[in-house]
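Here the structure is laid out as structure tokens; the discussion comes afterwards.
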Amino acid sequence: MTSQITRRLPGRLAAPEPGWMSRADVVIVGSGIAGLTAALRLRGSVETIAVVTKDVLAAGSTNWAQGGIAAALGPGDSPDQHEADTLVAGAGACDLDAVRVLVNEGPDAVRELISWGANFDKGDDGTLSLGMEGGHHRHRIAHANGDATGAEVQRALIAAVRAAPEITLVEHALAVDLLLAEDGGVAGLTLHVVGDGQPDGVGAVHARAVVLASGGLGQVFTQTTNPAVSTADGMALALRAGARLRDLEFVQFHPTVMYLGPDSHGQQPLISEAVRGEGAFLVDWDGERFMRGVHELADLAPRDVVSKAIMKRMIETGHPNMWLDARHLGKEEWEHRFPNILASCRSHGVDPLTDLIPVAPACHYASGGVHTDLWGRSSLPGLYATGEVACSGVHGANRLASNSLLEGLVFSRRIAEVLPGELRPWAAPVADDPREVGLVSGAVRRELQEAMTTRVGVLRGVAGIAEAATVLDKLATVPAEVIDHDAWETTNLLTVSAALAEAAARREETRGSHWREDFPERDDEHFAGHFDTTMADGETTVVFTASPATDGGLA
């Protein structure tokens, strides 16, 4: 076990003093599948529940999920087979107990989601229509409206929570920081709320527990499949409060994101893995199917394998993208199974019925996050985390396709099972929070994203990571001239980027989605385990904890 102290960062975000106060037994931050499942499951077990979300309820990543939810629901499939595929994709860094929870409790969690009103696609015989995606050896992906699973799940969950009078919904509410009690545990959080008929400006919500379900960190990078709200807010506020973050270096870059040109920034169109599951394949500029011979599953290999193969071919040929050939799927398949992807491609001037689709890897998912146990508890008393903001251990170094929605379902259910019995007593926040206040200018966001994308993106090396760290150190000294959402979000992005870059520098091997050009091989002898990051007095500490590889040492 080794540790290292890195740069100094704000211990709290500069913000106006709270102008209003409210109370709730449990505050849930986020309104995707993880947050709304937790809220629905907590009904009747705690008196007051508040769900706060940064934008409108449907603005998060869940709404954008195309492929579906993976669970052993089909004939011939089993949790054991789902477990095996998950462990191989995770490249030895999964928590075996967490994976077993996921795959064994997953089928019932999906059935409950259906009971709440989610309508999944069915075959002619009335059973679920199950798709195939990368890394899976079985058809186990339940999908809705062809390629709009997330939107259907979000619709059903929003309808259910809006019909639950015991759940208070607060939209347009940015979580600023956690409030801490004298014992160091959670006493609530501060919010900035903007909206008609709601408290306006910065306020404080006193709570006995906080559940983070705030999503990922996609906006750390210039190109991402994540929506604009994914600015690592939950991870950053948890780190500032003293919670442990784990595996931040494991950022998944989806291999088939539509390439829109070198100057395109922000959220990019995703071409779901399910398209390859139905028979599409990758080719280079000469028409060669380069995934053949790379992996036994060829174009349906785990995402890290496909992304690396695409990047290698791009580097070898000097081209900015590769191509996805799905022309042979035909008009009926495209219009029935992938209507939204079809429309998205056409809106960018590409017709998949007749054209190759330009694709390149882009940031898609954070496998790391707030470290939790099997019941969603963080290292900070009273703080729980679920979904992409969390590191439950199920994804390891590389998430298996369509396990993300399932994780949000399963672990939110588990939080709701234990939280009511371990609610903390009401506690007043400390009068004088000793954490150092700071705020970085929102104007530095673009430079931050460029540094992280070019130096700590798909392909990493010691020199590039060091250059990124230098840029981050410089940006940390640029103070905000005004206190606003942009500055808060940018400071959160900087905080998590710094921790991510440090973990990436320390992991001197290639494993899963973490690809080091200077250390191209996996090294279980020295790096089977996890890098954990904590913050105290504005300084982050990174600790490595060894643990055995959980995939049998398969490279």
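The values are calculated or read from the model by the stated rules, or taken from the named source; none is laboratory data. What you see is a predicted model, and the numbers here were worked out from it, not measured in a lab. As a convention, Cβ positions derive from the backbone with ideal geometry for all residues, glycine included, and neighbour counts pool all protein chains shown. The accessibility values were calculated without ligands, DNA or RNA, using every heavy atom of the protein model including side chains. Shrake-Rupley method; radii C 1.70, N 1.55, O 1.52, S 1.80 Å.
If you take the residues of the range 429-445 that are more than 20 Å from residue 539 (Cβ to Cβ) and open to solvent by less than 80 Å² (accessible area, probe 1.4 Å), which of them is farthest from the chain's Cα centre (by Cα)?
429
Tell me which residues, restricted to the range 122-170, are over 22 Å from the mean Cα position of the chain (by Cα), under 23 Å from residue 271 (Cα atoms) and surrounded by fewer than 19 Cβ atoms within 10 Å (Cβ to Cβ).
Of everything in the range 122-170, those that are over 22 Å from the mean Cα position of the chain (by Cα), under 23 Å from residue 271 (Cα atoms) and surrounded by fewer than 19 Cβ atoms within 10 Å (Cβ to Cβ) turn out to be 122, 137, 138, 139, 145.
Can you pull out the residues in the range 502-545 that are over 20 Å from the mean Cα position of the chain (by Cα), among the acidic types (Asp, Glu) and either closer than 21 Å to residue 243 by Cβ or modelled with pLDDT under 95 (or both)?
517, 537, 539
Output the qualifying pairs, or none if there are none: Cβ atoms under 9 angstrom, residues six or more apart or on different chains, first residue in the range 17-31 and over 11 Å from residue 209 (Cβ atoms), second residue of a type in the set (Asp, Glu) and open to solvent by 10 Å² or more (accessible area, probe 1.4 Å).
Partner pairs satisfying both residue conditions: 19/200; 20/200; 29/233; 31/55; 31/171.
Using beta carbons and a limit of 9 Å, which pairs, at least six apart or on different chains, have the first residue in the range 216-229 and within 13 Å of residue 495 (Cα to Cα) and the second one open to solvent by 10 Å² or more (accessible area, probe 1.4 Å) and not β-branched (Val, Ile, Thr)?
217/388; 219/228; 219/266; 219/267; 219/445; 219/449; 219/489; 220/449
Do we find that residue 399 is basic (Lys, Arg) and either under 22 Å from residue 107 (Cα atoms) or part of a helix (DSSP H, G or I) (or both) in this structure?
Spelling it out, residue 399 is indeed basic (Lys, Arg) and either under 22 Å from residue 107 (Cα atoms) or part of a helix (DSSP H, G or I) (or both).
Given the options 481, 521, 509, name the one that is assigned to a loop (DSSP other than H, G, I, E, B) and open to solvent by less than 10 Å² (accessible area, probe 1.4 Å).
509
Which one of these is among the charged types (D, E, K, R), modelled with pLDDT of 95 or more and closer than 20 Å to residue 12 by Cα: 489, 436, 422, 447?
After applying the criteria, what remains is 489.
Of all residues in the range 173-206, how many are open to solvent by less than 20 Å² (accessible area, probe 1.4 Å), small (Gly, Ala, Ser) and either under 30 Å from residue 250 (Cβ atoms) or assigned to a strand (DSSP E or B) (or both)?
Counting residues in the range 173-206 that are open to solvent by less than 20 Å² (accessible area, probe 1.4 Å), small (Gly, Ala, Ser) and either under 30 Å from residue 250 (Cβ atoms) or assigned to a strand (DSSP E or B) (or both) gives 8.
Filter the range 110-159 down to residues that are under 19 Å from residue 343 (Cβ atoms) and of a type in the set (A, V, I, L, M) and give me whichever is modelled with the lowest pLDDT.
The residue in question is 148.
Can you report the number of residues in the range 274-284 which are open to solvent by 30 Å² or more (accessible area, probe 1.4 Å) and either closer than 13 Å to residue 307 by Cα or in a loop (DSSP other than H, G, I, E, B) (or both)?
Counting residues in the range 274-284 that are open to solvent by 30 Å² or more (accessible area, probe 1.4 Å) and either closer than 13 Å to residue 307 by Cα or in a loop (DSSP other than H, G, I, E, B) (or both) gives 2.
Which residue, of 159, 207, 213, is farther than 28 Å from residue 110 by Cα and small (Gly, Ala, Ser)?
Every option except 207 fails the conditions.
Cβ-Cβ distance below 7 Å, separation of 6 or more or different chains: which pairs start in the range 341-353 with a residue that is farther than 12 Å from residue 331 by Cα and end on one that is assigned to a helix (DSSP H, G or I)?
341/275
Among (1) more than 24 Å from residue 85 (Cβ to Cβ); (2) over 14 Å from the mean Cα position of the chain (by Cα), which single condition is residue 385 missing?
Evaluating residue 385 over (1) more than 24 Å from residue 85 (Cβ to Cβ); (2) over 14 Å from the mean Cα position of the chain (by Cα) leaves (2) as the failure.
Table: residues versus (1) open to solvent by 30 Å² or more (accessible area, probe 1.4 Å); (2) among the hydroxyl-bearing types (Ser, Thr, Tyr).
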residue	(1), (2)
267	yes, no
272	no, yes
286	yes, no
296	yes, no
299	no, no
313	yes, no
319	yes, no
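Scan the range 371-405 residue by residue and report those that are among the aliphatic types (A, V, I, L, M) and touching a His at 6+ places or on another chain (Cβ under 9 Å).
Scanning the range 371-405 gives 385, 390, 397, 400, 401.
In the range 321-358, what residues are part of a strand (DSSP E or B) and buried (at least 22 other Cβ atoms within 10 Å of the Cβ)?
Residues satisfying the conditions are 322, 324, 357.
Show the residue pairs that are 6+ apart or on different chains and have beta-carbon atoms under 7 Å apart, the first residue being within the range 428-441 and in contact (Cβ under 8 Å) with a residue 24 or more places away in the chain and under 24 Å from residue 209 (Cα atoms), the second being of a type in the set (A, V, I, L, M) and not in a loop (DSSP other than H, G, I, E, B).
What qualifies is 428/187; 429/179; 429/180; 429/187; 430/180; 433/180.
Every residue, every condition in (1) open to solvent by less than 10 Å² (accessible area, probe 1.4 Å); (2) assigned to a strand (DSSP E or B); (3) charged (D, E, K, R), yes or no:
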residue	(1), (2), (3)
208	no, yes, yes
226	yes, no, no
230	yes, no, no
239	yes, no, no
243	yes, no, no
261	no, no, no
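Condition (residue is open to solvent by 40 Å² or more (accessible area, probe 1.4 Å) and of a type in the set (Asp, Glu)) applied to the range 17-37: is it met by at least one residue?
Yes, the range 17-37 contains a residue that is open to solvent by 40 Å² or more (accessible area, probe 1.4 Å) and of a type in the set (Asp, Glu).
Can you find a residue in the range 85-103 that is in a helix (DSSP H, G or I), among the small types (Gly, Ala, Ser) and open to solvent by 30 Å² or more (accessible area, probe 1.4 Å)?
no
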